[in-house]
Every structure is written in structure tokens, then in C-alpha cells.
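Chemist: Structure incoming, see below.
The values are calculated or read from the model by the stated rules, or taken from the named source; none is laboratory data. Predicted model only: the values in this text are computed from it and were never measured. For neighbour counting, all protein chains shown are included, and Cβ atoms are generated from backbone atoms with ideal geometry for every residue, glycine included.
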Amino acid sequence: MAEKSPRGLADVVAASTSISDIDGREGRLWYRGYDIHDIAGRISFEECVHLLQRGTLPTQAELDGLTAELADGRRYGSVATTLLPYVVGNGTPMEALRTLVSSLAIDDPDAEDASIDADRRKATRLVAQLPVLVAAYEAQRSGREVPDADPELGIAGNFLLQITGERPAPRAAEIFDECLVLHADHTMNASTFTARVIAATLSDMHSAITGAMGALRGPLHGGANEAVMKTLTSIDGEEDAVDQFVRDELGAGRKIMGFGHRVYKTEDPRATHLRKMSEELADLTGNRRYYEFSRRMEQTVLDEKGLYPNVDFFAASVYHALGIPTDLFTPVFAISRMSGWTAHVIEQHEDNRLIRPDSDYTGPHDQQWVEISKR
């Protein structure tokens, strides 16, 4: 009989990786050895993509090359174009985008090529295509056209342009760019583990990413940021109402979304940056309501439960201030995490071993069959 594993595979090493690392007790996160506090706000999302997918921070020539590849890769094929009107309005945005991402494989010229070079090309295209698909989804349901990408803007700036229809202020684009860097990878989280399990069967890149998106959709993973914003907007009154809301929810045995983490025992280092961005955007927009509510909720939950905010908590008020619809918060998470997912699929394919954990059987033994007339 196999030795029993902890529930949820807590602390079980499922794979070796050189992509990212976490120290949960100290509250630290590294991308390929770079502390997130050192690179957040200093590197662009495009540089982060190069770091995760290709292993190094790029030289200027390498960055220029990747930027050109990303620009060329934005276009998606006829299958996704045909599907788009059918999936809009018939489910959640993540359900629609999960279907659209899967369909991208049909038009991808490297879909059947399992080589590492082909994986890298597919990875770059997926990073480029998902923001455009999210913007196309929003435009389709809003009955408007998607603005053309601006070659002077990066992935972050163009997404804000295409999702809102207005060219973003430079600082807003910088803040969103930093958000994408902060969400890019996070070791063996549920969606990344899903992607690696699928990749380990030697299935294709698009299948692995489609599975990852299914995992991200859950409210205990990427869906938490939407839940946080819905919580903030549901509170009537002023700041004092936040305290009563938290106590009522906790007293009823319900969770406050956006708090606590399976790995971090102290503050999530990404939350440190997002808190500052939430305050800055509150000042820039002149609307401090949701930032102030967030700070009040943060303190009350800490006092009542000893829990710290995770990456989802302040991301909600940041995305809201940037003009992103609440039900697109999880797709935005996917836009960023696409860089990490694809890097993990590449890494899994480079040194593959089928991921096949054991399980703890909890059912009965030695049952005896009886014919149906005697049951």
C-alpha cells in the first residue's frame, strides 16, 4: 500500500523547474532567479515573456526580435473568427475563451510539430493572440469594432486600447504592464500543474493550455479576483460598513475571497506592489472608494483571522480603475499567465516523464458480487 499523501498534494514535489520559485515563509517570489521585487516595474511584460520562455532577460536586439514576433503573431485564424459570435453571450467569458484557445490549434501552422522550436513559436503566438481574443470578445458583445493595435504600444497598452476603445494614459499602461509581470508565473499552481500533466502525455501545446484555462476559471484560483470586485461593489454605505460585512461573512462561516494562500505564510509579495498601484490609480482617477474599502477589509480580516491579502485582492481594484469589466478579470489573469504556462509546457517537453501520482483508496475492500435479483 502506498504511503498516504497530504490532502491536495501539499508540499509534494511534482516536477523540477528552473522557471520560478517561492519562499512561502519569507514571502518571496523569483522568476529564473530574479526577485519579483527587483524586476516588477523595471522590466516590461515582453521582457518577462523572454525571461520565462527563453530563459534570460533579453538584450535590446533580442527584445526587438521578440516584439516583432509578437506583433506578427497577433492574428488568429478563420476558425476562431467563425466561432466568436457563437460563444459570446452563451456562457462566461472564460468558457468562451477556453473554446477559442482550443480552436487556435486548427489554424496554427505548427500544431502537429512536437519539436521544441515549434513549441516556442506556438508559445509566442499564444501570448500574442490571447489579449486580442479577449478584446474581440468584449467588442463582439458590445457591438463595436476592435481598434487596430498601435505599434508604439506593447501588449499592455494595446490591450487597454482595444478593450476600452481609448488610448490609455502612459502611466495606466505602465501599471497594467507591471500587473502582467506580477501574474506571469507562480510555480506549481493548479493551472500550471494541469498544463504540465497534459504536456507530460506528449499532448500538444494548445491542449495543455486549454486545460490550464479550465483550471484557472475556478473561484479558488483565477476566479477569485472577480469575486473580490463583486464583494467590494456589494457593500452599501461607507467604510464602517466594511467591518460589519466582514464579521457577518466570517460569522456565517463564509470565506472572504482574496485572502490567504496555500504557500505564503506572510504577505504575498505581489500584493505589496498591487496595493501601491491601487492607491496610485485611486488618486489618478479621483475615486478612492474601492481602494479605501480594500484597505479597511484588509485590516479587518487580519484582525479577525490573521490572514493576509493574496495577489487577487488588490488586483480587483486595480483592474476596475483601469476600466476592465469585472467578468474579464480572470481572462486578464490568463493573458499574463500564458507566458508562464507555455514556458512550463516547453520545459516539460524538453525533459519529459509522464506525471502519474498514486492515490489513497478510501473505499471498501473484498465486496462480493450478487446477482441483480437479490440486491
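Chemist: List the number of the failed condition for Val228; all other conditions in (1) under 16 Å from the mean Cα position of the chain (by Cα); (2) surrounded by fewer than 24 Cβ atoms within 10 Å (Cβ to Cβ); (3) within 19 Å of Ala316 (Cα to Cα); (4) modelled with pLDDT of 90 or more hold.
Modeler: That leaves (2) as the condition not met.
Chemist: Please go through (1) in contact with an Asp or Glu (Cβ under 8 Å, 6 or more places away or on another chain); (2) touching a residue at least 24 places away in the same chain (Cβ under 8 Å) for Ala118 and return the number of the only condition it doesn't satisfy.
Modeler: Only one criterion is unmet by Ala118, namely (2).
Chemist: Tell me, which residue of the stretch 302-315 that is part of a helix (DSSP H, G or I) and not β-branched (Val, Ile, Thr) is nearest to Glu174 (Cα to Cα)? Show your work before the answer.
Modeler: Within the stretch 302-315, the subset part of a helix (DSSP H, G or I) is 302-305, 311-315.
Pick out the ones that are also not β-branched (Val, Ile, Thr) and you get 302-305, 312-315.
Values: Leu302: 30, Asp303: 33, Glu304: 35, Lys305: 34, Asp312: 19, Phe313: 20, Phe314: 17, Ala315: 15 Å.
Per the criteria, the residue is Ala315.
Chemist: Here is a follow-up. Test of understanding: among Asp283, Asp366, Asp268, which residue is of a type in the set (D, E, K, R), closer than 26 Å to Glu166 by Cβ and not assigned by TED's automatic domain parsing to the domain that holds Glu46?
Modeler: Numbers: Asp366 fails: closer than 26 Å to Glu166 by Cβ; Asp268 fails: closer than 26 Å to Glu166 by Cβ.
Exactly one residue qualifies, and that residue is Asp283.
Condition check ((1) over 29 Å from Ala15 (Cα atoms); (2) surrounded by fewer than 13 Cβ atoms within 10 Å (Cβ to Cβ); (3) in contact (Cβ under 8 Å) with a residue 24 or more places away in the chain) across all residues:
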{"site": "Ala334", "(1), (2), (3)": "no, no, yes"}
{"site": "Val345", "(1), (2), (3)": "no, no, yes"}
{"site": "Tyr361", "(1), (2), (3)": "no, yes, no"}
{"site": "Gln367", "(1), (2), (3)": "yes, yes, no"}
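Chemist: Still on this structure, please answer the following. Kindly indicate which of Leu100, Leu29, Leu51 is among the hydrophobic types (A, V, I, L, M, F, W, C), touching a His at 6+ places or on another chain (Cβ under 9 Å) and at pLDDT 95 or above.
Modeler: Unique residue meeting the criteria: Leu29.
Chemist: Of everything in the stretch 118-155, what is in a helix (DSSP H, G or I), at pLDDT 95 or above and more than 21 Å from Val79 (Cβ to Cβ)? Give them in sequence order.
Modeler: Hits for the stretch 118-155 are Arg120, Ile155.
Chemist: Which of (1) assigned to a loop (DSSP other than H, G, I, E, B); (2) surrounded by fewer than 24 Cβ atoms within 10 Å (Cβ to Cβ) does Thr210 not meet, given it meets every other one?
Modeler: (1)
Chemist: Same structure, new question: Does the stretch 39-82 hold any residues that are aliphatic (A, V, I, L, M), under 25 Å from Tyr137 (Cα atoms), crowded, with 17+ Cβ neighbours inside 10 Å and in contact (Cβ under 8 Å) with a residue 60 or more places away in the chain, and which are they? It would help to see each step written out before you state the result.
Modeler: Keep residues of the stretch 39-82 that are aliphatic (A, V, I, L, M), which gives 39-40, 43, 49, 51-52, 57, 61, 63, 66, 68, 70-71, 79-80.
Those left that are additionally under 25 Å from Tyr137 (Cα atoms): 49, 68, 70-71, 79-80.
Cutting the leftovers down to crowded, with 17+ Cβ neighbours inside 10 Å gives us 49, 70, 80.
Residues satisfying the conditions are Val49, Leu70.
Chemist: Identify the single condition in (1) over 20 Å from the mean Cα position of the chain (by Cα); (2) closer than 28 Å to Thr92 by Cβ; (3) part of a helix (DSSP H, G or I) that Val318 does not satisfy, given that it satisfies every other one.
Modeler: (1)
Chemist: Looking only at the stretch 204-218, decide whether some residue is over 20 Å from Leu100 (Cβ atoms) and modelled with pLDDT of 95 or more. Give the derivation first.
Modeler: Going through the stretch 204-218, the residues over 20 Å from Leu100 (Cβ atoms) turn out to be none.
No, there is no match, as no residue in the stretch 204-218 is over 20 Å from Leu100 (Cβ atoms) and modelled with pLDDT of 95 or more.
Chemist: Could you list, in sequence order, the residues of the stretch 187-196 that are crowded, with 21+ Cβ neighbours inside 10 Å and not polar (S, T, N, Q)?
Modeler: Within the stretch 187-196, Ala195, Arg196 qualify.
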